[in-house]
Structure formats: C-alpha cells, structure tokens
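Worksheet: the structure to be examined is printed underneath.
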Amino acid sequence: MKLKLRSGTPADAEICGTICYAAFKTISEAHGFTPDFPAPEVAIGLLKWMLAHPGFYSVVAELDDRIAGSNFLDERNTIAGVGPITVDPTVQNRAIGRRLMDAVHERASERNFPGVRLIQSGFHTRSLSLYAKLGYDVREHLACMQGDALGISIKGHIVRPTTEADVESCNRLCRQVHGHDRDGELRDALERSSPTVVEHDGRITGYATVIGFFGHAVGETNKDLKALIGAAKEFAGPGFLLPTRNGELFRWCLSNGLRIAQPMTLMSKGLYNEPSGSFLPSILY
Ligand SMILES: CC(C)(COP(=O)(O)OP(=O)(O)OC[C@H]1O[C@@H](n2cnc3c(N)ncnc32)[C@H](O)[C@@H]1OP(=O)(O)O)[C@@H](O)C(=O)NCCC(=O)NCCS
C-alpha cells in the first residue's frame, strides 16, 4: 500500500467531505452520541469552504491513488488551529492520521506559528492517544451545550450586533483574555454570520463570533458570557463549547435547562497562555 500526501483543492471537497461525515458518524454512533454533522452535505459544504479559503492550509492523504483522509490548519490567527482531521473508517488505525498530523505540524513550524490547538472528541480514545503522543497537552475539559434559546438578559449588560468599528476593541479584549487575538475569525464572522458584542459601563466587555460549535466568545467576566449566551437565538450546530472548569457558568447553563450533548477536550502544543477571563472556544480550536 502506497501512501501519498498532497495539498487539497476545492475539487476534493466531495470525497473528503463524505469521508469526514462517515468518520465522525462511525465514532459517534459507536459511543451512543449524535454525529457532529447531521448529513454528508454539511461536511462537504464546510470542507468546500475551507479548501477554497486562503486562511486554511489543507492536506489530503491518498492510499494507492484513492483519497483516504484529510486534515486542515487554520492559519487565520496568531495561534493555528488543527482539524477537522478524518480518515476513511475502513483504513483507520494504520498511521494515516499520524502522517496527516505530521504534515500540518511541518506547515505550522514553517510558518512560525508559536502554538497549535485542537478540540478532541472526549470519548475517542484513539485521537486522545494520538494527540498526546504527538506532544499535545490537555488544557480544558469541555461540555458541548445544547438546548432551547434562553431569552435571558443580564442587568447592565447590553448585547448588540458587532460592527466593523468594534473589531479593535474585540481584539484587545481577546488579547487580554488569551494573550493573542482572533482577528481573522472575527472578520470572517462579520462577513458570514451575525457576531455580537456585549457592552457594560459604556465599553465592550465581551463578544461572540457565534454562540455555537464554530464560534468563539470571550468576556471580562461570566456576566458578559451569560449576556451573550442568554441573547443567542439558537446554539448553532451540535452546541457551544463550555470549559467545565468554569463551574459557575457551567452550573448557570445547566440550571437554565441546557444539556450536555458530548464531552470534548481542548488540547495544545507549543505556546499556550492560561486564559484570564471567561471564554468559549470554537471547534476549530
Ligand atoms: C482520529 C483519526 C484521525 C486517527 O487516524 P488513524 O489513522 O486512525 O490513527 P493512527 O493509526 O495514525 O494513530 C493512532 C495512534 O493511537 C494509538 N492508539 C489507538 N487507540 C489507542 C488506545 N486506546 N490507547 C493508546 N493508544 C492508542 C495507536 O497505537 C496509534 O499510535 P502510533 O501512531 O504511536 O502507532 C481517525 O481515527 C478518525 O478519523 N477518527 C474519526 C474522526 C475523528 O475523531 N477525528 C478527530 C477529531 S478529534
């Protein structure tokens, strides 16, 4: 069997997306969880967008000239994000995943990223072992939270749509919480979705690109995140990712009727700043 790695193109979206859907469906259903992608078209659509986006590096694995998997590096921010990595379920556990990870790490070091991050499905022993062997440390245990929109407002914390003029304040806040900004993701969100900010005492104290699987949020305090979560019309995709170490926010979500869809893990390799503030990571890390 001959394994070849090459960079991806939008023409790979159909096959890579179908593999991505099948890989997540197989592992989720084997553990009694709902698959992350509800249909192949959703995975194909996401990969089509990533394969065409100049901010993502992609790598495709071919086994005997047949596509067997793919991986991505989100290069839009100071810290790079790894994934989604998926290998055709019929050829898993044969080191293809390791090769796909090596490829994005080589790219990250060529591009001088100080650190890489990813989100791991908490029930998946194989990916947990692989990432730990590759040098990733566990940073946060996450609960993917889902449920009906809360329709809750927090006194003195006004949530409104984000505008271009807010970007610098949001980036400053992100640097304060994470030590780096996520400017590329925020600008993408301004074009593609409806990001929100929260104002308190006349200044921006929190923002969310979206409260959902593919969005991140930061706040000076838990009140800022409660305001953003409370104002969200829905929790997009499988749900939003909540660091369970933040017991106060976690219990607030649970006491307001939200439920845990699945456990997940935030892992990183290289530079990592312990956050100082409240945050919700995105699945792209
Ligand atoms: C995760 C995934 C990409 C890994 O790819 P793969 O080709 O199956 O994995 P590999 O064979 O390269 O590596 C698996 C490693 O884990 C080790 N491993 C597997 N199960 C293990 C366990 N229970 N305990 C310890 N080690 C284990 C293997 O020995 C191997 O280690 P090695 O590289 O040192 O030999 C693939 O399984 C997949 O697509 N899974 C479904 C989708 C998914 O979960 N994606 C990741 C999202 S977080």
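What does the chain give for Rg and for Dmax, in Å, if only its C-alpha atoms count?
Looking at the chain, its Cα Rg and Dmax stand at 18.5, 63 Å.
Roughly what % antiparallel, to the nearest 5, for the DSSP beta bridges in the chain?
95
What Kirkwood radius, in Å to one decimal, follows from the Cα pairs of region 21-62?
11.6
Towards the positive end of the charge dipole of region 1-124, with charges on Cβ (+1 Lys, Arg; -1 Asp, Glu), say which of HIS53, HIS124, MET101 has the farthest Cα.
In region 1-124, that residue is MET101.
Under the rule of -39500 (n - 2.57) per DSSP H run of 4 or more residues, summed and divided by the residues of the chain, what mean residue ellipticity at 222 nm is obtained, to the nearest 500 deg cm²/dmol?
-10500 deg cm²/dmol
When a/c is below 1.5 the answer is rounded, else prolate if a/b is larger than b/c, else oblate, so apply that to region 216-272 with a ≥ b ≥ c taken from the square roots of the Cα gyration tensor eigenvalues.
It is prolate, given that a/c is not under 1.5 and a/b is the larger ratio.
Roughly to the nearest percent, how much of the accessible area of region 85-126 is carbon and sulfur, given a 1.4 Å probe?
Result for region 85-126: 40 percent of the exposed heavy-atom area is carbon or sulfur.
Using 7 Å Cα-to-Cβ label points, what is the ALA11/GLU41 separation (nm, one decimal)?
Reported label-point gap for ALA11 and GLU41 is 2.5 nm.
Roughly how tilted is helix 13-30, in degrees to the nearest 10 and between 0 and 90, from the longest Cα axis of the chain?
80
Quick one, can you get me the convex hull of the C-alpha atoms of region 56-170 expressed as volume per residue in Å³?
188
Quick one: dipole size for the chain, taken about the Cα centre, charges +1 on Lys/Arg Cβ and -1 on Asp/Glu Cβ, in debye to the nearest 20.
Using Cβ point charges on Lys, Arg, Asp and Glu, the chain gives about 560 debye.
Can you give me the angle between helix 96-110 and the longest principal axis of the chain, using Cα atoms only, in degrees from 0 to 90, rounded to the nearest 10?
Between helix and principal axis, roughly 60 degrees.
At R0 = 25 Å, how high is the FRET efficiency between ASN256 and THR163 if r is their beta carbon distance? Nearest 0.05 is fine.
That pair, ASN256 with THR163, gives E of 0.30.
Please determine, in degrees from 0 to 90 and to the nearest 10, the orientation of helix 40-52 with respect to the longest principal axis defined by the Cα atoms of the chain, where the helix direction is its Cα long axis.
Around 90 degrees separate the two axes.
Going highest first, how would you order 6-17, 198-209 by mean Cβ packing within 10 Å?
198-209, 6-17
Please state, to two decimals, what the Cα-based radius of gyration of region 1-91 comes to when divided by 2.2 N^0.38 Å (N = residues).
Normalised by 2.2 N^0.38 Å, the Cα Rg of region 1-91 equals 1.06.
What is the gain in length, in nm to one decimal, between ARG203 and THR221 on full extension, counting 0.36 nm per residue of separation less the C-alpha to C-alpha distance?
Result for the pair: 5.1 nm of gain on full extension.
What part of the accessible area of region 1-74, given as a whole %, is carbon or sulfur when the probe is 1.4 angstrom?
C and S atoms contribute 59 percent here.
Given 0.36 nm per residue, what is the gain on full extension from ALA132 to SER276 after removing their alpha carbon distance, in nm?
Between ALA132 and SER276, full extension yields 49.4 nm more.
Pop out the carbon and sulfur fraction of the accessible area of region 169-285 as a percent, whole number, probe 1.4 Å.
Of all accessible area on region 169-285, carbon and sulfur atoms account for 47 percent.
Express the accessible area of the chain per residue in Å², computed with a 1.4 Å probe while the remaining protein chains stay in the model.
44
The values are calculated or read from the model by the stated rules, or taken from the named source; none is laboratory data. Please read all numbers here as calculations on a predicted model, not as lab measurements. Don't worry about glycine lacking a Cβ; one is built from the backbone with ideal geometry, like all the others, and counts go over all protein chains shown. Heavy atoms of the whole protein, side chains included, go into the accessibility calculation; ligands, DNA and RNA do not. Shrake-Rupley method; radii C 1.70, N 1.55, O 1.52, S 1.80 Å.
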